[in-house]
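Comments concern the structure below.
The values are calculated or read from the model by the stated rules, or taken from the named source; none is laboratory data. Just so it is clear, the structure is predicted and the values come from calculations on it, not from any experiment. In this analysis, Cβ positions are derived from the backbone assuming ideal geometry, glycine residues included, and neighbour counts consider all displayed protein chains. Just the protein is used for accessible areas: all its heavy atoms, side chains included, with ligands, DNA and RNA removed. Shrake-Rupley method; radii C 1.70, N 1.55, O 1.52, S 1.80 Å.
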Amino acid sequence: MLKEWKVYKKEPDAEKLAQAAGITPVVANLLLHRGIRTAEEAKAFLHPEQMPFHDPFAMKDMDKAVSRIRTAIEAGEHIVVYGDYDVDGITSTTLMLRSLRALGANVDYYIPDRSEGYGFNAPALEKLAADHDLLLSVDCGIASADLVARVKDKMDFVITDHHLPGKELPPAIAVVNPHREDDAYPFKELCGCGVAFKLCQALWKDMKGESFERDIELVALGTVADVVLLRDENRKIVKQGLAVMKQTRIPGLQALLKVLELDKPDKKITSGTIGFQIGPRLNSAGRMESARIGVELLMSPTVKEGIPLAEHLNELNSKRQAVEQDILARAEEQLASDLSGAPEDMPAIVVAGKDWNPGVIGIVGSRLVEKYYKPTIVCCIQEDGTCKGSCRSIEGLNMFEALTSCKDDLIQFGGHAMAAGLSLRAENIDKLREDFGAYAKSHLSKEDYVPKIDIEAEIPPEEVTEAIVNELDALEPYGEGNQKPLFGVRDVRAWGARAIGKESQHLMFNIGTQEHRIHSVCWNRADLVNAVNNEVLDIVYVPEINEWNGYRNIEIFVNSLDPAQGERQIPSRDTLANIYRQLHQLQHQEGSIRYTDADLATMFSQRYQHISLYTMGMGLRVFEELGLLVETEEGHRSLPPTQQHMDLMASPTYRRCHEHGEME
């Protein structure tokens with residue numbers, strides 16, 4: 001889907017900030033884009049490792065939590081750590097177990113299966129109360145006031161969480177959460193593992209008189225994976241955690257890095273490595289089986305014992321990817337068969353299916369948003385007739401407010417502006433689809449349905465120097481609130497495009513000049529080889545330095561690759577007629593149409609006139625919508641026999657373009 005570029009303007013105060021902070025204008029400009037305006041703020045942002053940690057006892061109820069836990073440790077009471085089944089919950093649980101056991105605690109843990117739902121549940125609490133004196137929650141518990149009230153006479157509670165509190169706090173011995181209205185802690189955006197880390201710092205200060213920074217790599221994992229704001233203390237945590245990740249003393253983490261081949265000297269571990277490699281493996285435990293696998297891995301006493309668990313997580317992640325693709329395909333089929341129109345014409349998307357894995361539907365929702373850029377709800381229909389749903393939104397629509405407007409269709413719901421979860425009866429799915437779509441239609445404009453991409457500056461890659469790339473490294477770690485800087489260049493002619501990779505799935509090409517060529521890589525888009533060699537392009541990219549055989553040179557990694565404005569032509573009636581003639585001739589000669597869209601565009605350009613992949617794709621979609629082009633069982637395409645007149649206005653795509661004045 002084509003994205004609208006939002007190009008930042010050059011900041012007039014960049015030179016002033018650069019001089020005051022002792023940095024280059026390039027970095028100063030990027031910092032100003034991120035709201036950093038003073039030399040002091042710049043120093044703290046670029047060198048977070050130099051700033052001290054905030055006092056953990058500044059957090060409300062921290063003294064009460066430490067006092068109760070210390071009493072339990074010294075009295076030999078039985079403590080249970082109650083966590084969550086995502087990466088934040090797994091790392092929080094592991095951190096507390098390792099820390100409490102090092103302090104001499106008698107402690108074990110409990111993480112609910114995904115079928116039990118997020119947070120506390122009554123059967124689990126009743127069972128735990130029979131064998132434990134103190135429950136310490138991590139990354140959950142703040143919303144369970146009623147459940148805590150029912151069990152607090154049988155077992156004490158210390159709640160640590162980072163989710164937003166409700167109107168009533170749980171009646172626990174201590175409730176440690178920086179989002180409490182009466183909490184004065186100077187930084188509110190810690191993840192669950194971050195809050196647990198502050199508790200560990202407070203415990204070690206109280207019981208040992210020592211500062212605590214051990215296992216900070218676990219906290220970095222939870223912080224990046226939970227996509228919290230990478231500013232202030234979070235930035236310090238991640239930068240320090242990444243610095244020690246390769247030298248970690250945690251055997252289970254060593255095992256995972258070894259299985260992922262991230263322990264090799266030439267492998268650099270960044271926040272992106274956590275987000276795209278390490279995090280998904282740990283998450284796959286809770287999605288596909290049990291999050292306990294992740295905890296058991298990270299608690300492994302030796303690397304040797306951790307290797308089988310790490311390999312199992314790797315296998316679960318592959319299984320998760322396969323399940324994800326299957327559900328995504330079934331969701332696409334459901335959308336294609338929807339009588340209300342094409343997904344492009346829907347104000348919002350609601351799909352549901354039986355036996356869809358509830359641990360994967362959130363990822364499927366994100367994939368559908370990426371493709372169609374519509375607010376999306378994906379539901380799995382369970383045997384008892386209830387549905388669990390995962391919701392993903394787009395900029396401009398607050399998902400929580402949207403679900404509030406649809407509350408009569410739901411059993412329960414919760415979440416935030418961009419993501420949420422819900423449950424409902426299966427018979428209410430159609431009503432939810434209607435009400436959710438109506439809400440989206442009334443709250444979103446045509447412009448809201450156009451995805452946006454932030455561009456730091458429009459710079460030809462051949463003008464990017466090694467010094468600039470080195471300066472960009474100062475902005476690491478990247479994440480929420482500090483995305484990796486993207487640059488753009490329009491109207492580019494590339495050459496030498498070819499497929500690369502073990503399965504020839506990636507794309508490599510050259511831009512610039514023969515004397516100063518820039519190697520460019522675009523992941524998983526080998527299908528664009530012909531288009532790149534034959535069309536004018538708009539490219540969004542990230543520059544990096546490639547080192548090989550002692551040579552250093554600039555190369556770019558492509559974030560998005562789109563046809564330039566001049567290539568984005570809507571096919572006219574004459575062009576559509578010629579495309580149809582071409583398809584008819586190919587079918588007559590070969591029995592079916594076995595070529596990709598890009599192949600067809602190249603063949604058309606050779607026979608008639610230049611046509612872009614974009615224009616060819618639009619034409620083929622029109623024919624598909626009219627039923628004039630269908631997919632065969634072999635995965636090819638075919639023109640079925642027809643005597644009907646081609647009514648182009650019956651195609652939603654053609655009609656939409658015609659109504660918007662885009663047709664010739």
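Annotations
- Cβ-Cβ contacts under 7 Å between residues 6 or more apart (or on different chains), taken from a first residue in the range 74-102 that is within 17 Å of Asp161 (Cβ to Cβ) to a second residue that is of a type in the set (Ser, Thr, Tyr) and part of a helix (DSSP H, G or I), are listed as Val81/Thr93; Gly83/Ser92; Gly83/Thr93.
- Where Asp108 falls short, out of the listed (1) open to solvent by 10 Å² or more (accessible area, probe 1.4 Å); (2) modelled with pLDDT under 95; (3) more than 30 Å from Asn482 (Cβ to Cβ): (2)
- With respect to the conditions (1) crowded, with 20+ Cβ neighbours inside 10 Å; (2) in contact with a helix residue (DSSP H, G or I) (Cβ under 6 Å, 6 or more places away or on another chain); (3) within 26 Å of Ala105 (Cβ to Cβ), Ile159 lacks only one, and its number is (2).
- Selected residue (only one of Glu383, Glu401 is outside any loop (DSSP other than H, G, I, E, B) and without any contact (Cβ under 8 Å) to a residue 24 or more places away in the chain): Glu401
Matching residues to (1) open to solvent by 20 Å² or more (accessible area, probe 1.4 Å); (2) in contact with a strand residue (DSSP E or B) (Cβ under 8 Å, 6 or more places away or on another chain):
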residue: Leu586; (1), (2): no, yes
residue: Thr596; (1), (2): yes, no
residue: His610; (1), (2): yes, no
residue: Glu625; (1), (2): yes, no
residue: Glu633; (1), (2): yes, no
residue: Arg637; (1), (2): yes, yes
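- Residues that are in contact (Cβ under 8 Å) with a residue 60 or more places away in the chain and of a type in the set (Gly, Ala, Ser) within the range 522-538 comprise just one, Ala531.
- On the stretch given as the range 355-404, residues that are open to solvent by 10 Å² or more (accessible area, probe 1.4 Å), β-branched (Val, Ile, Thr) and more than 22 Å from Ser115 (Cα to Cα) total 2.
- Only one entry in Lys236, Lys267, Lys258 is in a loop (DSSP other than H, G, I, E, B) and either under 19 Å from Glu480 (Cβ atoms) or among the basic types (Lys, Arg) (or both), namely Lys267.
- Just one of the listed residues (Ile142, Ile173) is at pLDDT below 95, β-branched (Val, Ile, Thr) and more than 16 Å from Tyr110 (Cα to Cα), namely Ile142.
- Within the range 414-466, being in a loop (DSSP other than H, G, I, E, B) and either out of contact with any helix residue (DSSP H, G or I) (no Cβ under 7 Å at 6 or more places or on another chain) or of a type outside the set (Asp, Glu) (or both) holds for His416, Ala417, Met418, Leu444, Ser445, Lys446, Val450, Pro451, Ile459, Pro460, Val464, Thr465.
Every residue, every condition in (1) buried (at least 16 other Cβ atoms within 10 Å of the Cβ); (2) more than 19 Å from Ile381 (Cα to Cα); (3) in contact with a Cys (Cβ under 8 Å, 6 or more places away or on another chain), yes or no:
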residue: Lys407; (1), (2), (3): no, no, no
residue: Ala417; (1), (2), (3): no, yes, no
residue: Gly421; (1), (2), (3): yes, no, yes
residue: Leu424; (1), (2), (3): yes, no, yes
residue: Arg433; (1), (2), (3): yes, no, no
residue: Asp454; (1), (2), (3): no, yes, no
residue: Glu471; (1), (2), (3): yes, yes, no
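- Some residue of the range 303-312 being under 24 Å from the mean Cα position of the chain (by Cα), modelled with pLDDT of 95 or more and not acidic (Asp, Glu): yes
- Candidates in the range 391-413 are the residues that are touching a helix residue (DSSP H, G or I) at 6+ places or on another chain (Cβ under 9 Å) and hydroxyl-bearing (Ser, Thr, Tyr); of these, the one that is farthest from Ile363 (Cα to Cα) is Ser405.
- Residues of the range 200-245 that are among the hydroxyl-bearing types (Ser, Thr, Tyr) and either over 14 Å from Asp88 (Cα atoms) or open to solvent by 10 Å² or more (accessible area, probe 1.4 Å) (or both): Ser211 alone.
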